[in-house]
Amino acid sequence: NKTTEKTFAVTSGLTGTFGDDWNWEAAYNHSQYKAVVKMPRILAAAANTLFLGPLLGYDDDGYAIYNPDPTQFFSPLTPAQFASISTMSTWHPKAGNDNLSFTADNSALFALPVGDVGFAGTIEYGQQTYRLNPDPLALTEDAYYGPRYGDGHGSRDHWGAAGELRIPVLDTLQASVAGRYDEYQYAGQSPGKFTYNLGLEWRPHDTLLVRGSYGTGFRAPDMHYLFAGLDYYRTTFATDYYACRTEEPGFTNDECYNDGSWDVSTFDVYQGNRDLDVETSKSFTAGIVWSPVEHLDLAVDYYRIEIANQVQSQDRERLRATEADCRLGVTDSGAAVDIRSPTCVDALGRVIREDPNDPLSAITSVHFAPINIAREETSGIDV
């Protein structure tokens, strides 16, 4: 395999002042990424001809007829023979970002009895683009031996506005208040959210600082979660839980999985989801900074972060198990399941069987996608 990556970034802008106390900065940033990705692949038609000989026709059942030389299967390939059945599959992925921003700040917006209130604000606009640019033959079913890949490309616009105030409350106490609104626009969607941050800093002594903050945040889904085209996954050991629990009443999902008799081979399909919601977060921090002597600082901070609506790809094993629950009307632990529920409607639409009218016909494919389903909580102490 050979990958050549090229990145380029440039930032330029203007800065200045207006009035007595205002500083401003206008900036433009452009960054881009390009790559050439080459991987060796075996050409299916050429390999078939080398090992099997010419196609002689088809039998009554539609199977291809060959008359291969058995010794060909056990003879080492020469470099020339390998070259005749292989090629370098080449991809040209690229991505780009463009951003415009304007920032202004004033360290003395207005005065309070214990000091001046500082302010900073910004507005920005940007665009993101990406394109996988795969080898066209890699998207087809029969050109190569090995995986069949998928495509993906898209773009979105983003704008945001934010402001922050730093407020002296007492001689030893300062507060900060910040707010921000962001919005993304793509494929008819325009998710946006207001987030904020509140902070306090208390200095009871010249050598000691006590600080804390609380804030919210949000993050738009990664581009490929939104815009991924059809991608294909061969699954050799896919358990048919419905068939197992129908033929073996009383079996749990674990027993069906471990039995191995109900495994089928499926050709699963992944696709992006443009209806994804944004991920959101809440964070809290509290700590101290102690400076007992010059050139020595000791900082101890506690943090806790909660993230909701995280994006994860649907679990194909769980989809097949859910399909069984819905068709049987009960989980393997005995809990009732409503086949008309949104969860069941989704699972039944994603688990594809050979005969749509026969639930016991073989599973041929599971269609899965990224969804907002996960949560994460983390906490700790930094010293």
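Starting from the stretch 345-383, pick out the GluC sites (Glu not before Pro) whose DSSP state is loop and whose Cβ has at most 14 other Cβ atoms within 10 Å.
Numbers: sites: GLU354, GLU376, GLU377; in loops: GLU354.
Those satisfying the criteria are GLU354.
With the simple spin-label model, which puts each label point 7 Å out from Cα in the Cβ direction, the TYR302 to LEU208 separation comes to 1.7 nm. The calculated FRET efficiency for the pair LEU165 and ALA35, based on their C-beta separation and a Förster distance of 30 Å, comes to about 0.10.
For the pair SER155 and VAL345, what calculated FRET efficiency results from E = 1/(1 + (r/R0)^6), where r is the Cβ-Cβ distance and R0 = 25 Å, to the nearest 0.05?
Step by step, r from the Cβ atoms, then E = 0.20.
Per-residue ellipticity at 222 nm computed for the chain from its helices equals -4000 deg cm²/dmol, with DSSP H segments shorter than 4 residues left out and the rest contributing -39,500 (n - 2.57).
Using the Cβ-Cβ distance between HIS92 and VAL114 with R0 = 45 Å, the FRET efficiency computed as 1/(1 + (r/R0)^6) comes to roughly 0.15.
What shape does the stretch 37-84 take by its C-alpha gyration tensor, where a ≥ b ≥ c are the square roots of the eigenvalues and a/c under 1.5 counts as rounded, a/b above b/c as prolate, and the rest as oblate? Write out the running numbers ahead of the final one.
Values: a/c = 3.37, a/b = 1.57, b/c = 2.15.
Oblate shape, in that a/c is at least 1.5 and b/c is the bigger or equal ratio.
Translational diffusion coefficient, Stokes-Einstein: compute it for the chain using the Kirkwood radius over C-alpha pairs as Rh, at 25 °C and 0.890 mPa s, and state it as an integer in µm² s⁻¹. Using the Kirkwood radius from Cα pairs, D works out to 91 µm²/s. With the Cα gyration tensor of the stretch 57-107 giving a ≥ b ≥ c as the square roots of its eigenvalues, does the rule (a/c under 1.5 for rounded; else a/b larger than b/c for prolate; else oblate) give rounded, prolate or oblate? It is prolate, given that a/c is not under 1.5 and a/b is the larger ratio. Look at where the Cα atoms of the stretch 306-383 and of the stretch 174-248 average out, and the two centres are 21 Å apart. Per-residue extension of 0.36 nm, minus the Cα-Cα distance of THR285 and SER261, leaves a gain of 3.4 nm for this segment. Within the accessible surface of the chain, defined with a 1.4 Å probe on protein heavy atoms only, the carbon and sulfur portion equals 54 percent. Mean sequence separation of contacting Cα pairs (under 8 Å, at least six apart), scaled by the length of the chain, corresponds to a relative contact order of 11 percent. The stretch between GLU376 and THR3, if pulled fully straight at 0.36 nm per residue, gains 130.9 nm over its current Cα-Cα span. Rounded, prolate or oblate: pick one for the stretch 321-383, where a ≥ b ≥ c are the square roots of the eigenvalues of its C-alpha gyration tensor, a/c under 1.5 means rounded, and failing that, prolate if a/b is larger than b/c, else oblate. Verdict is prolate for the stretch 321-383. Placing a label point 7 Å from the Cα of ALA83 along the Cα-to-Cβ direction, the residues of the stretch 4-48 with a backbone N closer than 20 Å are 38-48.
Pairs on different chains or at least eight residues apart, Cα atoms closer than 16 Å: how many lysine pairs in the chain fit?
On the way: LYS2/LYS34; LYS2/LYS38; LYS6/LYS34; LYS6/LYS38; LYS6/LYS94; LYS34/LYS94; LYS38/LYS94; LYS193/LYS282.
So the count of such lysine pairs works out to 8.
Take the chain and mark each of the chymotrypsin sites (Phe, Trp or Tyr not before Pro) that is in a DSSP loop with at most 15 other Cβ atoms within 10 Å; the longest unmarked stretch, sites excluded, is 67-383. Legend note: in the chain, no cysteine has its Cβ 4.7 Å or more from every other cysteine Cβ.
The values are calculated or read from the model by the stated rules, or taken from the named source; none is laboratory data. Since the model is a prediction, treat every value here as computed from it, not as a measurement. For neighbour counting, all protein chains shown are included, and Cβ atoms are generated from backbone atoms with ideal geometry for every residue, glycine included. The area values use the complete protein model at the heavy-atom level, side chains included, leaving out ligands, DNA and RNA. Shrake-Rupley method; radii C 1.70, N 1.55, O 1.52, S 1.80 Å.
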